[in-house]
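Beneath this line is the structure, given in structure tokens, with notes to follow.
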Amino acid sequence: VKVTLIAGGVGGAKMAEGLYHLENVELSIIGNIADDDAFHGLWVSPDIDTLTYTLADVIDRQQGWGVADESHRALETLSKLGDDTWMSLGDRDFGLHIYRTHRRRQGDRPTLIAQDIAKSFELTCDLILPTDDVVQTRVKTDAGWLSFQEYFVKERCAPEVRELHYDHIEEAHATEEALKALAEADLIVVAPSNPLVSILPILKVPGILEAVKAAKAPKIGVSPIINGGVVKGPADRMLASLGFESTAFGVAQIYAEFLDCFVIDHADEQHISAINGLGLSTSQDAILMKTREEKVRLAAELLAISGVVD
Ligand code: GDP
Ligand code: CA
């Protein structure tokens, strides 16, 4: 079964890990690049790296991002030299950023670089970028516009979000790889990722949402919001401050125009009729994923619910 997953970082990687370890699944992942930024002259792509590290099983399981067993000596040197070092980058991690940056400077396509990195980490799935162009989320707060990582890491998501802007998204071009993965999928899955800063910056690359809608595959999503709250991160506060309900229903509203089915937690029974009212079917499940077993079980459920396997 060909499954194409649309995913952000930590929540996306949990769903990816579940699908990755299902035997009958041929997995393609379209990851988010709108969190990318330059640090110390290197191009860092946090969500793509979280997917790579998770599936390669070298991820720091405690944090959910970064490489396990890391040291931070390079960052210590940079700090000593006077660079701002609020973005935590480990020594092993730096190696990847150096490689990516070098290849980009040589003019290689970012999608090919991401695929080559995935191959070197021995991943057996396809890891795809939605676009080879630079698209960056900017966050308007009471203190003005911040880059996404300034908001997320430096300010620890403390400021209220007044507005989001995906810089240069209108002129970005979807990659052939992403369009093909959507067109050829037997099932399209939207991971339980932040809808506003992980999923929308993928879908809003011109051509991607259209390709999702045009795809013959059933489209199923998993709610990142359980019982009105997040597992981790600012998605609930971000939804509320931007005028959405910070519930599974609020997320379903954002996805209603293209999803067929939304999987919500057992704790969110009260939202079923409202979500159905948006024209979406619902399925209730245990959608908090801690162990690999829980991820694989939910992934298998998605295939069963969608009717692509019996
Ligand atoms: P980021 O890019 O690292 O911020 O991660 P994502 O955007 O992929 O995912 C963040 C979202 O994942 C948050 O809204 C969390 O609530 C959600 N999330 C994290 N773990 C789980 C989980 O086990 N189950 C569900 N349903 N959502 C989760
Ligand atoms: Ca992210």
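The values are calculated or read from the model by the stated rules, or taken from the named source; none is laboratory data. Please read all numbers here as calculations on a predicted model, not as lab measurements. Every residue, glycine as well, gets a Cβ built from its backbone with ideal geometry; the counts of neighbours run over all protein chains shown.
Out of Pro192, Pro206, which single residue is within 16 Å of ligand 2 (Cβ to nearest atom) and not aromatic (Phe, Trp, Tyr)? First the steps, then the outcome.
Numbers: Pro206 fails: within 16 Å of ligand 2 (Cβ to nearest atom).
Residue meeting the stated conditions: Pro192.
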Per the filter on the stretch 243-271, residues in a helix (DSSP H, G or I), buried (at least 20 other Cβ atoms within 10 Å of the Cβ) and free of Cβ contacts under 8 Å to residues at least 60 places away in the same chain are Ala248, Phe249, Gly250, Val251, Ala252, Asp268, His271
Is the stretch 10-25 home to any residue that is of a type in the set (A, V, I, L, M, F, W, C), buried (at least 18 other Cβ atoms within 10 Å of the Cβ) and in a strand (DSSP E or B)?
no
Tell me yes or no: at least one residue of the stretch 179-192 is among the acidic types (Asp, Glu) and modelled with pLDDT of 95 or more.
yes
Checked the stretch 99-127 for anything exposed (fewer than 14 other Cβ atoms within 10 Å of the Cβ) and farther than 17 Å from His173 by Cβ; matches are His102, Arg105, Gln106, Lys119, Ser120, Glu122, Thr124
Count of residues meeting criterion [within 13 Å of Thr124 (Cβ to Cβ) and within 16 Å of ligand 2 (Cβ to nearest atom)] in the stretch 21-32:
1
Looking at Gln149, is it within 16 Å of ligand 2 (Cβ to nearest atom) and either of a type in the set (A, V, I, L, M, F, W, C) or outside any loop (DSSP other than H, G, I, E, B) (or both)?
yes
Given the structure, is Thr52 away from ligand 1 (no atom under 15 Å from the Cβ) and closer than 24 Å to Ala185 by Cα?
no
Considering residues that are touching a strand residue (DSSP E or B) at 6+ places or on another chain (Cβ under 9 Å) and in a helix (DSSP H, G or I), the number found within the stretch 79-101 is 9
Here are the criteria: (1) touching a residue at least 24 places away in the same chain (Cβ under 8 Å); (2) away from ligand 1 (no atom under 11 Å from the Cβ); (3) not basic (Lys, Arg). Tell me which single one Ala240 does not satisfy.
(1)
Quick one: which of Glu150, Glu122, Glu155 is of a type in the set (Asp, Glu) and in contact (Cβ under 8 Å) with a residue 60 or more places away in the chain?
Glu122
When the stretch 33-54 is examined, which residues are found to be more than 13 Å from ligand 2 (Cβ to nearest atom) and within 14 Å of Thr111 (Cα to Cα)?
Trp43, Thr52
Going through the stretch 272-289 in order, the residues found to be assigned to a loop (DSSP other than H, G, I, E, B) and either closer than 24 Å to Gly307 by Cβ or of a type in the set (Asp, Glu) (or both) are Leu278, Gly279, Leu280, Ala286, Ile287, Met289
Report, by residue number, each residue of the stretch 218-237 that is assigned to a loop (DSSP other than H, G, I, E, B), away from ligand 2 (no atom under 16 Å from the Cβ) and touching a residue at least 40 places away in the same chain (Cβ under 8 Å).
Pro218, Ser223, Asn227
Checking the conditions here, which among Arg92, Arg104 is more than 16 Å from ligand 2 (Cβ to nearest atom), more than 30 Å from Arg297 (Cα to Cα), among the charged types (D, E, K, R) and touching a residue at least 60 places away in the same chain (Cβ under 8 Å)?
Arg104
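Residues checked against (1) in a strand (DSSP E or B); (2) in contact with a helix residue (DSSP H, G or I) (Cβ under 6 Å, 6 or more places away or on another chain); (3) surrounded by 22 or more Cβ atoms within 10 Å (Cβ to Cβ):
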{"site": "His165", "(1), (2), (3)": "yes, no, no"}
{"site": "Glu171", "(1), (2), (3)": "no, no, no"}
{"site": "Ala178", "(1), (2), (3)": "no, no, yes"}
{"site": "Ala181", "(1), (2), (3)": "no, no, yes"}
{"site": "Ser193", "(1), (2), (3)": "no, yes, yes"}
{"site": "Val197", "(1), (2), (3)": "no, no, yes"}
{"site": "Pro206", "(1), (2), (3)": "no, no, no"}
{"site": "Glu210", "(1), (2), (3)": "no, no, no"}
{"site": "Lys216", "(1), (2), (3)": "no, no, no"}
